[in-house]
Amino acid sequence: MKISALLTGRGNNTLKDKNILPVLGKPLLYYPAMAAKACSLITDFYVSSDDEKILAAAADCGYKKIIRPDELGLPTAQHKDVIIHALSEMKKDGVEPDILVVLLANSGIVKTEWICESIENLINNPNLSASVPVMLEMDNHPYRSKRLREDGCLDTWFDFRGKSISTNRQDLPMNFVLCHNFWTLNLKNSLYSKEEGQQPWSFMGNNIKPIIVKESFDVHTEEDILKTEKWLQLNNISY
């Protein structure tokens with residue numbers, strides 16, 4: 001199977017140049033880029049961005065540049081459209097992957113073993129559409145969340161009439177939230193499938209194998225940069 005990596009990051013961010021801010025002396029995107037580079041299962045490496053500084057930093061890590069059209073560099077751009085554009089450019093280069101690892105440039109919380117495990121999940125089970133890192137989150141369980149009614153009062157997201165829901169989080173079904181560090185796609189069953197996938201990340205398809213991790217976060221503030229450095233040091237991540 002052809003397995004490729006696609007690093008994604010745009011230049012128009014609230015935190016200026018966040019994808020290339022220094023983290024332990026390297027640009028932030030260096031860490032997801034090199035985590036994928038260290039996975040022997042991946043043979044091709046590409047970066048998609050509208051920002052030349054991001055493209056150059058990724059090129060230093062051995063990633064081939066894909067320049068996005070302007071509309072895919074806007075805050076309203078959807079990841080699905082970015083992936084589709086990148087795949088079309090990769091095809092021109094003679095690369096048509098079966099499995100695509102989509103890396104997000106603003107998260108350094110990535111381990112090579114997670115990436116390899118996600119790929120192996122898809123290889124070992126051809127019916128899967130994706131394999132992604134998730135965290136167990138019980139405090140902010142959807143059963144405990146509220147929406148705002150038109151009258152300004154709170155209400156449940158679900159119709160619980162006739163049901164009794166425990167107030168104890170340990171009694172509730174396990175709730176997982178997706179991490180935003182990388183997503184590994186079996187393109188035949190996800191992006192290229194005629195079946196509609198799970199919203200809002202419909203491009204992941206419907207058969208998504210989780211990789212349960214203890215911690216994940218992406219960078220939105222300067223404080224997140226310091227948290228990333230601490231995580232990398234605690235986990236002895238270096239390349």
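The values are calculated or read from the model by the stated rules, or taken from the named source; none is laboratory data. None of the values given here were measured: they were computed from a predicted structure. Cβ sites come from the backbone with ideal geometry, for glycine too, and all protein chains shown count toward neighbours.
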*Determine which member of the set R161, R169 is touching an Asp or Glu at 6+ places or on another chain (Cβ under 7 Å), over 15 Å from S4 (Cα atoms) and among the charged types (D, E, K, R).*
R169
_Residues within region 8-38 that are farther than 16 Å from I109 by Cβ, hydrophobic (A, V, I, L, M, F, W, C) and buried (at least 16 other Cβ atoms within 10 Å of the Cβ), tallied_ = 1
*How many residues are outside any loop (DSSP other than H, G, I, E, B) and without any contact (Cβ under 8 Å) to a residue 24 or more places away in the chain if we restrict to region 191-232?*
5
*Here are some residues: G73, G94. Which one is surrounded by fewer than 21 Cβ atoms within 10 Å (Cβ to Cβ) and modelled with pLDDT under 95?*
G73
*When residues of region 160-173 are filtered for being charged (D, E, K, R) and under 20 Å from D139 (Cα atoms), how many remain?*
2
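If we scan region 206-221, do we find a residue that is farther than 21 Å from I109 by Cβ and not assigned by TED's automatic domain parsing to the domain that holds S145?
Yes, the conditions are met somewhere in region 206-221.
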*Could you list, in sequence order, the residues of region 70-92 that are in contact (Cβ under 8 Å) with a residue 40 or more places away in the chain and outside any helix (DSSP H, G or I)?*
L74, P75, A77
*Which residue, of K53, K65, is in a strand (DSSP E or B), surrounded by fewer than 18 Cβ atoms within 10 Å (Cβ to Cβ) and touching a residue at least 12 places away in the same chain (Cβ under 8 Å)?*
K65
*Is it true that some residue in region 150-158 is aliphatic (A, V, I, L, M) and either assigned by TED's automatic domain parsing to the domain that holds Q78 or in contact with a helix residue (DSSP H, G or I) (Cβ under 9 Å, 6 or more places away or on another chain) (or both)?*
no
*Any strands (runs of 3 or more DSSP E) falling wholly within region 110-187 and containing at least 1 residues that are surrounded by fewer than 17 Cβ atoms within 10 Å (Cβ to Cβ) and touching a residue at least 40 places away in the same chain (Cβ under 8 Å)*: 130-136, 176-178
